[in-house]
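Just so it is clear, none of the values below were taken in a lab; they were calculated from the coordinates. Computed from a prediction, not measured in an experiment: that's the story for all the values here. Heads up, the Cβs are rebuilt from the backbone with ideal geometry, glycines too, and the neighbour counts pull from every protein chain shown.
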Amino acid sequence: MRDAFVRAAEEQQSLLIPSLPDLIWGTIAFAIVLVFVLVFIVPRMNAALDARREAIEGGLKKAEEAQAGAAEALDKYNAQLAEARSEAARIREQAREDAKRIRADLLEQAQADAERVKTNAQATIEAERAAALSSLRTEVGSLALGLASTVVGESLTDDKRSAGIVDRFLADLETADAAAAQAGRTQSGRARSSR
């Protein structure tokens, strides 16, 4: 058996260089596998890699478009915000001007109303004063006539004569009142100047 192993070892050639029939069959098998890989597997791998590359490029393009859209929307938003702020400032300023104008109108109207009330009050006071003076004149006149009739001892029924006497009496009273008022002012003026 030892001899059989030695002969088998001698018949074998080098381990690095195969025999010719093994080399031919190995090359044919390799060619079949290579053709199979090149025809079926490589195109599918290239298609899958191309699809992946296109998906990545499409995603990048979409991301860039989305970023550009977001930047455009941000610019538009900022422009609208600035416009809204300027509009709000304009509305505030307009409201202030309207408030000033309304206040001035109300103040003017209030002053006009106060002046009208004052004028009406003065007119009413003058009318009541005139009515009171007329009534007082009539009453004082009749009292004076009664008193004068008693003092003189004669009847003063003549209307013209009695009216003249009453008017003269009232004029004398007004003159006496005016002189008393003037004397009071002079004394108060002197009192102020002496202080």
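Could you give me the ³J(HN,Hα) list for the stretch 108-120, computed from phi with Karplus coefficients 6.51, -1.76, 1.60 and θ = phi - 60°, whole Hz, x at Gly and Pro?
Result, ordered by residue: 5, 5, 5, 5, 5, 5, 5, 5, 5, 5, 5, 4, 5 Hz.
Can you compute the FRET efficiency between Leu173 and Ala127 using 1/(1 + (r/R0)^6), with r the Cβ-Cβ distance and R0 = 35 Å? Round to the nearest 0.05.
0.95
Through the Karplus equation 6.51 cos²θ - 1.76 cosθ + 1.60, θ set to phi - 60°, convert the phi angles of the stretch 15-23 into ³J(HN,Hα) values in whole Hz; use x for Gly and Pro.
Here the 3J(HN,Hα) series is 6, 7, 10, x, 6, 4, x, 5, 5 Hz.
Please enumerate, by chain and number, the aspartates and glutamates with C-alpha under 13 Å from the C-alpha of Lys118, excluding those fewer than 8 residues away in the same chain.
Glu126
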